[in-house]
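Trainee: Dropping a structure here in C-alpha cells format, bear with me for questions.
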Amino acid sequence: MSVRTAIYPGFFDPITNGHLSIVNRALTIFDKVTIAILNNPHKAPLFTVAERIHMIQEAIKEEPNADIDTFDGLLVDYVKERGANVILRGLRALSDFEYEFQMALMNRKLDRNIQSVFLMTDYKWFYTSSTIIKEAASFGGDVSGLVPDLVNKKLHEKFTQSKNT
C-alpha cells in the first residue's frame, strides 16, 4: 500500500493557526502532509527560513505524520521529487480561489499527473493571513490565539527589537 502524501507549499512567514488547521484537517484525508517552505528570492520575509522551520517544528511536534521541508524552483518538480502527486492549498475568500485556480491550472499544464486539492479554512480563520498578523503585531496588536504561542513570542521579539534599533 502506498502512502498518500500531500505537499502543502507556502511562505509561512509566519505559520498561523489557520495554516495548522489546514494541516490537521488534511491529515484526516492523507497519510502524510509535508509543509514545504518556498525559498523565494523576490520576497523579503520577516523570519529567516531557519526561524520558520523552527516555529513550524514546534507547532507540529505532536503530529508525527506532518513534516517540514524547503524548496525552490517549480513546485511540480518538487512534488515529483518527493514522490507525491498532490498539492494541498487552503482557501479563505473568493480572491484566494481566483489566484489558486490560476496556479492549479498552470501546475496541471506543467504536469497532468499532479492534482491540486483545496480545503476551505475554518470559519474562525477566514480573515486571518500572515500579512495581516504581521501588520497587527508590528503596531503592538495582540495576535495571540491567531498564531501558535512560539510564533506570538517571536513576533513580539522581532518588533520590539526593530523599535529598539
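What follows draws every value from the coordinates through simple rules; no lab data is involved. Just so it is clear, the structure is predicted and the values come from calculations on it, not from any experiment. Here Cβ is always computed from backbone atoms with ideal geometry, including for glycine, and neighbour counts include all displayed protein chains.
Trainee: Given a Förster radius of 25 Å and the C-beta distance between residue 65 and residue 122 as r, what FRET efficiency does 1/(1 + (r/R0)^6) yield to the nearest 0.05?
Mentor: For residue 65 and residue 122, the calculated efficiency is 0.80.
Trainee: Another question about this same structure. Just subtract the alpha-carbon distance of residue 160 and residue 132 from 0.36 nm times their residue separation and send over the number in nm, one decimal.
Mentor: Working it through step by step, the gained length comes to 8.3 nm.
Trainee: Kindly write out, for segment 83-91 in residue order, the coupling ³J(HN,Hα) from the Karplus curve 6.51 cos²θ - 1.76 cosθ + 1.60 (θ = phi - 60°), rounded to whole Hz, with x marking Gly and Pro.
Mentor: x, 10, 9, 10, 9, 9, 9, x, 10
Trainee: I would also like to ask the following. How long are the semi-axes of the ellipsoid equivalent to the chain, from square roots of 5 times the Cα gyration tensor eigenvalues, in whole Å, largest first?
Mentor: Working from the Cα gyration tensor, I get semi-axes of 27, 16, 16 Å.
Trainee: Rounded to the nearest 500, what is the 222 nm mean residue ellipticity of the chain from helices alone, with -39500 (n - 2.57) per DSSP H run of 4+ residues and division by all residues?
Mentor: After summing the helix terms and dividing by the residues of the chain, the value is -13000 deg cm²/dmol.
Trainee: Another question about this same structure. Can you give the FRET efficiency to the nearest 0.05 for residue 100 and residue 142, using r as the Cβ-Cβ distance and R₀ = 30 Å?
Mentor: Calculated value: 0.50.
Trainee: Same structure, new question: Under a 5 Å amide H to amide H cut-off, with H placed in plane at 1.01 Å, what residues pair with residue 119 once short-range neighbours are removed?
Mentor: HN-HN under 5 Å from residue 119: 89, 90, 91.
Trainee: Using the per-residue mean of other Cβ atoms lying within 10 Å as a proxy for protection, in what order, highest first, do the peptides 91-101, 9-19, 122-132 fall?
Mentor: 9-19, 122-132, 91-101
Trainee: Long-range amide H contacts for residue 4: which residues qualify at under 5 Å (H placed 1.01 Å from N, peptide plane, sequence gap of 5 or more or a different chain)?
Mentor: The answer is 31, 32.
Trainee: So what is the orientation-averaged projected area of segment 55-95, using the convex hull of its C-alpha atoms, in nm²?
Mentor: Taking a quarter of the hull surface, the average projection is 4.4 nm².
Trainee: Right, next: What are the residues whose amide H is under 5 Å from the amide H of residue 35, where those residues sit 5 or more places off or on another chain and H is modelled from the backbone?
Mentor: 8, 67, 68, 69
Trainee: Whole-Hz ³J(HN,Hα) for each residue in segment 122-139, computed from phi via Karplus 6.51 cos²θ - 1.76 cosθ + 1.60 with θ = phi - 60°, x for glycine and proline: what do you get?
Mentor: 3J(HN,Hα) across segment 122-139, in whole Hz: 5, 4, 6, 10, 4, 9, 9, 8, 4, 5, 5, 5, 4, 5, 4, 5, 5, 9.
Trainee: Keeping to pairs on different chains or 8 or more places apart, tell me how many lysine pairs in segment 28-138 have Cα atoms under 22 Å apart.
Mentor: 5
Trainee: Per-residue HN-Hα couplings for segment 93-107, Karplus 6.51 cos²θ - 1.76 cosθ + 1.60 at θ = phi - 60°, whole Hz, x for Gly and Pro?
Mentor: 10, 4, 4, 4, 4, 4, 5, 5, 5, 4, 5, 4, 5, 5, 4
Trainee: Given Cα pairs under 8 Å that are at least 6 residues apart, what percent is the relative contact order of segment 1-98?
Mentor: Normalised by residue count, the contact order of segment 1-98 is 37 percent.
Trainee: Can you tell me the relative contact order of the chain? Whole percent, Cα pairs under 8 Å, sequence separation 6 or more.
Mentor: Relative contact order comes out at 28 percent.
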